[in-house]
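A short worksheet on the structure shown next.
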Amino acid sequence: TSGASNTAGISTPSCGNYLGIDVWFSVVVPASGRLTVSTSTVGGSSLTDAALALYSASACGSTMTEVGCNDNAPAGNMPSLSMSGLTAGATYYVRVWGAGNTAFGQFTICATEPPANDEPCGAISLTVGSSCTLASRTNVGATNTTGPPAPGCGSFTGSSGDVWYSFVVPSSGIAIIESTAGTLTDGSMALYYSATCTASSLTLVQCSGDEGLGTMPFLRFSDLVPGGTYYLRYWGTGSTSGTFNLCVWSPTMPAGDCVYLLELFDSGENGWGTSAVQVQINGGATVNHTVAASNFYNSAVIGLYSGDLLQVSYVNSGPNQGQNRYQIRQVPG
C-alpha cells in the first residue's frame, strides 16, 4: 500500500476504520459461487493490521456495491473474507487498506475456492458401512467455521481450516469413525449433534486428536441417537491441511435378546501377536478376537438370548502385555 492514494466515488467500507490509502485487485468467481480472499503479513513490512472489502459491479468504473468486509480474520490482524452465493463467472473487486491509516507497506494476498463442505450445511453425507472402507478426503482450501462450540482438542484455533461431514446413526446406536494419514499426517476431528444444520445449534459430543493410528484421530460410540444425524468436523491439527482417509462404520447386529460390544485396544499400535480374547456361548466353539499387526483397535458384537452362558477369557501369550486392553459392554451404553 506504500504510495497509494485515496479512492473517490465509492462508498466507505463498513469495517476496518477506513481513512483512505487503498489498493485494488479483481477476481473472477468460480462456478461454485464460493470465494475466499486471504491476506498475510510480509516479514519486515510495517503493515501488520489491514482490512479488505469485496465489491460487485457490472463493469469497472460502474457503481460498486459492497458484498463483504473483514477487518481481523478469525486469527490475527490481517483480513480474510469467505463468501458463498456469488455470481459464477462474474468479476468482483477487492479493496485493501491499512486499518486506520496507521501503517503502510507490503502484504500477501490470494484467492481460493473453499471446498463444498466448508460449512456444516454443506456437509458431505457419509454412508455408514458394516466395516471400515476408507475414502480419501481433504481440507485443502478450507476456512474456519464460526458458530459451533470450540472442539476442545487438536490445537484448534481461528486459523484452523475445517471441513464437515454428516451421517445417520443406525438403529444399534453404534458408530465407529476411523481416519488414517494422507498428506495430512496429524489430523483432528470432533462430533456434533443437531436436529438442524445451523452452526449455532450444533452441540459438541466428543473431540479426538491422537487416539487413532500415529497422530490421527479416532472416535467410537455405542449410545448415539438411532436415526439421528450427526456432524463431523475435521481439520489439520493447528492450521495444517492436506489429504486424509476417513470412514464411518457400524457392525451388523446379530440375533438375540441382547447384544454385547467387545472392543480391543493396543496402545503400541503394533498388534497383539498371539494374544487374544476368547469368547464361548453355552460352551460351544471358541471364537478368538485379536488386534492385527500395525493396528490399534478391533471390535465384535455378540448376540445372546435370555439364559445363555457367555464365557470370556484372555490369552496373554503375545508380547507387550502392558499395551493391551479390552472391554465388553451391553449395547446401548
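The values are calculated or read from the model by the stated rules, or taken from the named source; none is laboratory data. Computed from a prediction, not measured in an experiment: that's the story for all the values here. Backbone-built Cβ (ideal geometry, glycine too); neighbour counts: all protein chains shown. With ligands, DNA and RNA removed, areas are computed over all heavy atoms of the protein, side chains included. Shrake-Rupley method; radii C 1.70, N 1.55, O 1.52, S 1.80 Å.
I want to confirm something. Restricting to region 79-129 and keeping residues that are of a type in the set (D, E, K, R) and under 29 Å from the mean Cα position of the chain (by Cα), which single residue is nearest to Thr243 (Cα to Cα)? Explain how you work it out, then say what you get.
Taking region 79-129 first, the residues of a type in the set (D, E, K, R) are 95, 113, 118-119.
If we keep only those that are under 29 Å from the mean Cα position of the chain (by Cα) as well, we get 113, 118-119.
Working: Glu113: 16, Asp118: 15, Glu119: 18 Å.
The selected residue is Asp118.
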Cβ pairs under 8 Å, 6+ apart, first in region 11-34 and open to solvent by less than 60 Å² (accessible area, probe 1.4 Å), second of a type in the set (Lys, Arg): Pro13/Arg95; Asp22/Arg95; Val23/Arg95
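Restricting to region 97-129, what's the tally of residues that are over 28 Å from Asp162 (Cβ atoms), open to solvent by 60 Å² or more (accessible area, probe 1.4 Å) and in contact with a strand residue (DSSP E or B) (Cβ under 7 Å, 6 or more places away or on another chain)?
Filtering region 97-129 for residues over 28 Å from Asp162 (Cβ atoms) gives 97-98, 100-106.
Then drop every residue that is not open to solvent by 60 Å² or more (accessible area, probe 1.4 Å), which leaves 102, 104, 106.
Now narrow it down to the ones that are in contact with a strand residue (DSSP E or B) (Cβ under 7 Å, 6 or more places away or on another chain): 104.
Residues meeting the conditions: 1.
Just for strands (runs of 3 or more DSSP E) wholly inside region 241-333: which have at least 2 residues that are within 30 Å of Ser155 (Cα to Cα)? If you could, list the steps in order and put the result at the bottom.
Working: elements: 243-249, 258-266, 276-281, 287-289, 297-304, 310-315, 324-331.
Ranges flagged: 243-249, 258-266, 297-304, 324-331.
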So Asn70, is it modelled with pLDDT under 95, open to solvent by 50 Å² or more (accessible area, probe 1.4 Å) and either among the aromatic types (Phe, Trp, Tyr) or under 24 Å from Ser239 (Cα atoms) (or both): no
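Here is a yes/no grid of residues against (1) touching a Cys at 6+ places or on another chain (Cβ under 9 Å); (2) surrounded by 14 or more Cβ atoms within 10 Å (Cβ to Cβ); (3) farther than 17 Å from Val128 by Cβ:
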| residue | (1), (2), (3) |
| --- | --- |
| Pro217 | yes, yes, yes |
| Leu224 | no, yes, no |
| Tyr231 | yes, yes, no |
| Gly236 | no, yes, yes |
| Asn245 | no, yes, no |
| Thr274 | no, no, yes |
Residue count, region 175-193 (criterion: outside any strand (DSSP E or B) and of a type in the set (Ser, Thr, Tyr)): 2
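If you scan region 66-96, which residues turn out to be assigned to a strand (DSSP E or B), of a type in the set (Gly, Ala, Ser) and under 17 Å from Tyr18 (Cα atoms)? Spell out how you get there, then give the answer.
Narrowing region 66-96 to residues assigned to a strand (DSSP E or B): 66-70, 80-83, 91-96.
If we keep only those that are of a type in the set (Gly, Ala, Ser) as well, we get 68, 80, 82.
Passing the criteria: Gly68, Ser80.
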